[in-house]
Amino acid sequence: MHYLSTSSLRAESADRLLRIIGNGVVKDGYNMFMTPSQAQGKTTVVSVAIYIESMSSFRTQTMDFEVDMYLALAWYDRRLAHNCTHPVLVTHKFIADRLWQPDLYFVNSKFAYLQEVTTPNFMVIVYPDGLIFKSMRLDVTLSCMMDLQRFPMDKQECPLIIQSYAYVENLVNLTWHEDPPYFPFGSNSEIKTNDMVITNTKFEKCLIPYRFFRGSGNWSCIRGLIVMKRLMLFHIIQTYFPSAMLVSISWMSFWLDPRASPARVTLTITTLLTLTTMSNGARQDLPQVSYIKALDIWLTFSQALIFLVLLEYSFVSYYLTKRDYDCIHRRIFGASEIYSETEKKNLEPQSPMTSSRTRRYSIDNGHTNSINAYTVSAGLTRCLRNTATLVAKTQQEHGKLFDNFDISKPCQKCMASNEFVARQIDYYSRFLFPSVFLLFSTCYWLYYSWYTNED
């Protein structure tokens, strides 16, 4: 700023400045509780400039962040004009407290304090023409109501609002110092937090109306906007890539045998529970908002896709186990009709070794004894039991026709047919599920990275 560019700044002794101020009090009736222009009925204009030195602790859950900044103020107080050759530098708090100063505060601050290591970080310069310049270094915790709908691909505009506490607009008017080449609101270009980086700063003037017990008033204020962009690499490594891997692992279920229920169910349930735990961990640092975030869409779709893998196997398992009875019923009665029409006359009596008595099946410890003498699986055992039950129910109706009917053949044919269909479902799922996930991923990243990209 132009009032900092003087090359001949001299620190006067406290006694000299006290004499200047003391003479003013005695001579001109200096009142530190009145604005410099209040006696003339004019407004005191206070120019403000801010430089952000560093930023830390950008907390999404509590929606606040900390800034270390320099706050510079300038105003004219003709009552303190003096005839010294050089500006007077004040670094003593005792003396500075006896000057009128703007009672500014940060509207959206949660906590703020003046840095005092190794001494209080402030200075006041009194120019001969009555220009007062004050600079201080502050640590401020500011609240920022973030919009997390695009999280973690979001950009945030966090405000920094400064306002006079006691003086209305017609007494104190705040404005940004816009004299080139000095920028009124700037930041260190090397600032970078754990997951945010400053991309731009904006500034504007504002007016805030307040109502109180008797009447209302307008307070002058200034607003600075810190535009920050979230860094994506952390979330890609911690959330997106692991969740995509879990979804891909769940597809291994399609390459396992359709009748391998323990392996397929364990694999799918494990991936689903792991992804659920990961989702809870990714959301624990976020506030509980009532809208859907971009991260929620990704994690919810991934969980739904793994759930559909489990649902797909449930359908395959149901097809293998529950459709046997219908298939056997159709094949047995279809065979009986064929026998009755074309082959009934050709049915020859069976030898004693192949009589109906030898065609009865006994289930003992998971083994089935039949004329075919093959080892059967649990599914075939169940099929034979169901077939024997069905034949027993229709024995009186069909009579000797079923004495010559080998009931193991419908079981083998039905099981082979059902297993073929189940394997076909798994085969098509191997391509369908990855294609759906790839399509979703493409649309997701294009939408949030390109289509809705905010400048």
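Each reported figure results from applying straightforward, stated rules to the coordinates on display, with no laboratory input. Remember, it's a predicted structure, so these values are computed and weren't measured experimentally. Here the Cβ is made from the backbone with ideal geometry for all residues, glycine too, and neighbour counts use every protein chain on show.
How much length is gained if the chain between A260 and Q284 is pulled fully straight, taking 0.36 nm per residue apart and subtracting their Cα-Cα distance, in nm to one decimal?
Extending this stretch completely gives an extra 5.0 nm.
Just rank K155, K134, K93, fewest to most, by other beta-carbon atoms within 10 angstrom.
K93, K155, K134
Taking the Cβ of each residue in I292, I132, I306 as the centre, tally the other Cβ atoms inside 10 Å and list the residues starting with the fewest.
I292, I132, I306
What share of Cα pairs, in percent, lie more than 30 angstrom apart in the range 2-231?
That fraction is 32 percent.
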